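K.L.:
Before I ask anything, let me first share the structure, which is written out below as structure tokens.
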Ligand code: DC
């Protein structure tokens with residue numbers, strides 16, 4: 001059983017995907033962390049995320065045991081991840097790991113941008129989790145504490161634009177994805193809606 005959960009930044013897809021994995025007893029992979037690891041490694045090496053040769057080399061030699069680094073979650077690393085993710089060779093280097101992960105028994109939930117379209121086009125259930133940029137910015141601002149709402153909204157819009165307009169595996173809902181707009185939902189409602197969709201596919 002493969003569950004694909006895609007959507008833009010701060011729409012709630014990570015929380016929903018984790019809750020789905022727990023509810024159904026499936027493995028869980030936050031695929032954004034892979035791109036974040038590449039971005040973080042470059043920043044730590046004093047390199048720009050626009051250094052394509054370094055990004056590709058990094059993606060090819062990724063050490064997934066460093067998955068738990070707290071710095072992975074920062075906005076700077078998220079932006080760097082979005083930049084390295086434009087490169088098709090970086091994406092290709094990360095593809096096998098994701099596909100092998102998805103094959104695990106009894107099932108796997110993967111969240112990202114291109115799971116239902118590219119990584120697992122034959123997934124048993126596909127969810128596209130979205131919310132308005134304003135709602136996402138407000139949620140992200142609450143998470144971050146001090147940052148100004150205007151700055152967070154601008155970052156979200158920039159990330160949406162880069163993730164949606166890149167040539168390789170852009171952020172887009174798969175034709176057969178069920179879209180859940182969480183703008184007017186709290187997290188419990190969003191998780192319940194997602195469980196209902198996956199339950200129908202599993203049943
Ligand atoms: O989901 P996230 O915020 O951790 O993702 C960080 C960036 O990684 C995102 O802006 C684009 C990229 N990404 C991607 O291109 N494809 C994925 N499957 C997951 C993330």
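FYI, it's all coordinate maths here, none of it is from the lab. The model shown is predicted, which means the values in this text are computed figures rather than measured ones. Virtual Cβ from ideal backbone geometry, glycine too; neighbours counted across all protein chains shown.
K.L.:
Scan segment 165-199 residue by residue and report those that are touching a residue at least 24 places away in the same chain (Cβ under 8 Å), surrounded by fewer than 17 Cβ atoms within 10 Å (Cβ to Cβ) and within 24 Å of residue 118 (Cα to Cα).
P.N.:
167, 168, 170, 172, 176, 179, 181, 195
K.L.:
Would you say residue 197 is in a helix (DSSP H, G or I), under 18 Å from the mean Cα position of the chain (by Cα) and over 24 Å from residue 75 (Cα atoms)?
P.N.:
no
K.L.:
In the set 144, 171, which member is within 16 Å of the ligand (Cβ to nearest atom) and within 22 Å of residue 20 (Cα to Cα)?
P.N.:
Just one listed residue meets the conditions, 171.
K.L.:
Next up: Looking for something within 15 Å of the chain's Cα centre (by Cα), within 19 Å of residue 40 (Cα to Cα) and either more than 12 Å from the ligand (Cβ to nearest atom) or assigned to a loop (DSSP other than H, G, I, E, B) (or both) - is there at least one such residue anywhere in segment 115-133? Steps first, answer last, please.
P.N.:
The initial filter retains those residues of segment 115-133 that are within 15 Å of the chain's Cα centre (by Cα), namely 115-120, 126-131.
Filter again for within 19 Å of residue 40 (Cα to Cα), leaving none.
No, segment 115-133 has no match at all.
K.L.:
Just to be sure, is residue 44 surrounded by fewer than 18 Cβ atoms within 10 Å (Cβ to Cβ), within 25 Å of residue 179 (Cβ to Cβ), out of contact with any helix residue (DSSP H, G or I) (no Cβ under 6 Å at 6 or more places or on another chain) and free of Cβ contacts under 8 Å to residues at least 40 places away in the same chain?
P.N.:
Values: surrounded by fewer than 18 Cβ atoms within 10 Å (Cβ to Cβ): yes; within 25 Å of residue 179 (Cβ to Cβ): no; out of contact with any helix residue (DSSP H, G or I) (no Cβ under 6 Å at 6 or more places or on another chain): yes; free of Cβ contacts under 8 Å to residues at least 40 places away in the same chain: yes.
No; evaluated as a whole, the condition is false for this residue.
K.L.:
Here's something else I'd like to know. Please go through segment 49-72 and pick out each residue that is out of contact with any helix residue (DSSP H, G or I) (no Cβ under 7 Å at 6 or more places or on another chain) and surrounded by 13 or more Cβ atoms within 10 Å (Cβ to Cβ).
P.N.:
Hits for segment 49-72 are 52, 57.
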